[in-house]
Amino acid sequence: LTDMEASYAEYEEWSEEPIPETTIKNYKKALQQLEKCKPYEEALLGAETPKLAEYQAYIDFEMKAGDPARIQLIYERALAENCLVPDLWARYNQYLDRQLKVKELVLSAHDRAVRNCPWTVGLWIRYLLAMERHRVEHSTISEMFEKALNAGFIQATDYVEIWQAYLDYLRRRVDFTQDSSKELEELRSAFARAVEYLKQEVEERFSESGDPSCTIMQNWARVEARLCNNMQKARELWDNIMTKGNAKYANMWLEYYNLERAHGDTQHCRKALHRAVQCTSDYPEHVCEVLLTLERIEGTLEDWDAAVQKTENRLARVNEQRAKAAEKEAALAKQEEERAEQRKQARAEKKASKKAKKTRIGDKRKADEDDEGEWGQEEELPSKRHRGEGDGVLPEEDMEVETGLFGRSEKPDGPAAIPKEKASTSRKDIPKVFHDSSKDKVTVFVSNLSYTMAEPEAKLRELFGSCGEVVEIRAVFNNKGTFRGYCYVQFREEEAARQALALDRTAVEGRPMFVSPCVDKNKNPDFKVFRYSTTLEKHKLFISGLPFSCTKEELEEVCKAHGNVKDIRLVTNRAGKPKGLAYVEYENEAQASQAVLKMDGLTVKDHVIKVMISNPPLRKLPDRPEPGRAPLALAPRQIYGARGKGRTQLSMMPRALQRQSNPVAKAENGMVQNSPATSSDPPAEPKKMSNADFAKMLLKK
């Protein structure tokens, strides 16, 4: 209809006779139709691919108008540009199934849908229903079901759904008025095959069957009980269901009880409820109540007494177990608090011992300076020798290096003494950072900052000022006065601290800054902050193999051709350098699926990228030693094998001291063994050596 005015003018000029009234009337009617459609056509012309929103608005307009031909055409136009969008195919097929109902048209659309989007189980189910609705031959439907099983669904539950749809179709084919028929045997064999398929094929691929509550076996049992009057088979199936870990759930027992109630007898109902009382762990009170209700209506006095006794004993055990569990939980909480206190005390003692050690070293250095560089007052020590005084004696320069290992300075007035004095002075001038745990709610912990950041307090105050009033910024420095890359930012209000968390991963001086809640690790040792999902996200893509030089804008330019990109995250290391990985989030699953098919294997800057739906593997936490337990003493050598310790387990203690502190006996085969005294008693603490002893040992060599 576009540019119809020019066509009408040409026709008017070409025609020698007056234009008929009917033609003029139809022309005006067409102009009115064009005016209605014009905004939607202009929106499509101005939109960028894939134009899903514009097409959806156009489809809604045509659906209100109600012209089947135009509705079909607009759907076909939309699918021509968006053939990998499952939702669009589903809406189109639903319209054809409910409104047009033309066999060739309907089946053709369903076939194209599963050919373009084979990973979507809903399209396959609709196709099977449409084929059954239009009386397609059974062999054709079975063949299409086999194709669906080989389509490669992305979830285990998808296979359960397609099997259920096919079993429903087979059940509708059976004439249950006959005791036995070919269709009934086919249905039973299909049920058995479905159970086996989920157990082997699906569970092997996904590590789960997708049907933990055994819905397919439940439906099989109901068919046998209600339609085939075969309660024996139904009981066997329910017994199999219970052995698969469902016996602890009350709802499973009540489902079986209702089936027995409707198609079985009272004896089996009573037996099922007695077993349920014994096995149920989630809602035992409810099962006990159902048993008492049954005996109140149909039971004898003996049955009532037995039921009351059984329920009372069971509930008493349940209450006892719950009390023990509560006590155990309280004991664990108390134990955890004690361990946290022990860890805190151990850190305090370690800090105090380090401080005392530094003080002793400082006093010893002052004493050495007063002695004018001599070794000490011990008479048995040789005086310092100079170069050329004899063979086997360390030169003066080497001796200075060796004495430096034990905290001696070469000369009191030498150049090396100056930086030591400066270092000791700088350590005293550094203010200590004390953290107040009572203000954790208004404080955030900032880390992964650059060690070379100049004036971190001023820099961070400017950065966090937009979140709210900053009360204090406590930057942490080491003993040499170097910034350690993390600090605490305290706000006036709690809301400001929550807003500050949004600055996590902000780039500061080329590094991603980490912002996390301020949590006392002593009380919460397992606290971790990971802001991203670790489960399957169908609307998000994981891209690997990207060049390190690829920017967020360049990746967005590649991805937006397949849908509306909501967010892009380039994965970096702690230094802010890219790792060649990225996560791309689309508006919906359909756009993500389309992007996977079109982008996987694409070349970006001479790099072939891999694209898949984001589904991170489960994180396996490393085994951690029990907190609060004292560290183990050095183990004897033989537990590491005949070849001794690995490179990463080497001790820095001299071998002579190791031999003194760990006496060993040599076995006949040459392997080192502990003496009985060593194996039974704890290893003796090595004798402390003075500086004079170390000097003796070195000079002997």
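The values are calculated or read from the model by the stated rules, or taken from the named source; none is laboratory data. Small disclaimer: the values here were computed from a predicted structure and weren't measured. FYI the Cβ positions are ideal-geometry reconstructions off the backbone, even for glycines, and counts take in every protein chain you see. Quick note on the areas: whole protein, heavy atoms, side chains included, nothing else; ligands and nucleic acids left out. Shrake-Rupley method; radii C 1.70, N 1.55, O 1.52, S 1.80 Å.
For this structure, a couple of remarks:
- All of ARG275, ARG296 fail the test of being assigned to a helix (DSSP H, G or I) and under 22 Å from LYS233 (Cα atoms), apart from ARG275.
- The numbered conditions (1) more than 36 Å from the chain's Cα centre (by Cα); (2) open to solvent by less than 60 Å² (accessible area, probe 1.4 Å) are all true for ASP60 except (2).
- Test for ASP303: is it touching a helix residue (DSSP H, G or I) at 6+ places or on another chain (Cβ under 8 Å), in contact (Cβ under 8 Å) with a residue 24 or more places away in the chain, surrounded by fewer than 13 Cβ atoms within 10 Å (Cβ to Cβ) and not basic (Lys, Arg): no
- Cβ pairs under 8 Å, 6+ apart, first in the range 91-106 and at pLDDT 95 or above, second of a type in the set (Ser, Thr, Tyr) and surrounded by fewer than 17 Cβ atoms within 10 Å (Cβ to Cβ): none
- Qualifying residue in the range 175-184 (condition: closer than 26 Å to MET131 by Cα, open to solvent by less than 80 Å² (accessible area, probe 1.4 Å) and in a helix (DSSP H, G or I)): yes
- Any hit, the range 629-642, residues being at pLDDT below 50, open to solvent by less than 40 Å² (accessible area, probe 1.4 Å) and outside any strand (DSSP E or B): yes
- Considering residues of the range 531-563 that are more than 16 Å from HIS607 (Cβ to Cβ) and part of a loop (DSSP other than H, G, I, E, B) only, the residue modelled with the highest pLDDT: GLY563
- Taking each residue of the range 496-513 that is over 14 Å from LYS459 (Cα atoms) and polar (S, T, N, Q) and looking for partners that are at pLDDT 85 or above and open to solvent by 60 Å² or more (accessible area, probe 1.4 Å) with beta-carbon atoms closer than 9 Å, six or more apart or interchain, yields GLN499/SER466.
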